[in-house]
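The values are calculated or read from the model by the stated rules, or taken from the named source; none is laboratory data. On a predicted model such as this, the values are computed, not experimentally measured, just so you know. Using ideal geometry, Cβ is built from the backbone for each residue, glycine included, and neighbour counts are taken over all protein chains shown.
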Amino acid sequence: MLKRIVWLVASAAMVLGQSEPCNGHVELCARPYNNVSFACTHNSYSSPPPNALLVLNQENSIEQQLNDGIRAFMLDVVRNKPVATDGTSNIFNTIASWFSHAKNADDPLESVHLCHESCLLIDKGPLVDSLTVIREFMDANPREIITFIIEN
């Protein structure tokens with residue numbers, strides 16, 4: 001019975017001009033956003049390489065996750081430019097600067113990194129790099145819906 005219903009919905013969508021799927025299924029095209037479930041990964045950016053640390057949550061890159069059907073991404077973002085709260089330099093800021101991979105820490109696009117709470121343990125690089133991968137996917141797949149859950 002379920003196969004018939006899916007076939008009827010798909011057929012109705014094709015008659016109405018919706019022959020291309022939305023997030024892989026024609027029947028999703030007419031549904032409101034809040035009536036669709038999306039596969040999501042926690043700490044989506046946290047995959048090897050460069051280091052196969054035990055704290056990494058994902059086995060696959062964001063690009064591979066997109067190819068696997070993941071459509072919601074939990075991203076932890078940190079401004080990777082240590083700032084002394086008292087206006088003076090301190091040891092934390094000095095050590096943190098050793099781990100900074102920002103090409104230009106004064107550029108807002110380069111200074112926001114994918115890190116878990118702190119970039120001292122895991123710094124997966126500038127957020128803009130991952131967003132570029134997602135944008136390329138969206139350019140090639142304009143009928144897909146991507147959700148971001150931004151943490152930190």
All but one of (1) part of a helix (DSSP H, G or I); (2) at pLDDT 55 or above hold for residue 44; which doesn't? (1)
Please verify whether residue 123 is under 21 Å from residue 48 (Cα atoms), modelled with pLDDT of 85 or more and surrounded by 13 or more Cβ atoms within 10 Å (Cβ to Cβ), treating the condition exactly as stated. no
Note on region 29-41: residues surrounded by fewer than 18 Cβ atoms within 10 Å (Cβ to Cβ) and either outside any loop (DSSP other than H, G, I, E, B) or modelled with pLDDT under 85 (or both) are 33, 34, 35, 40
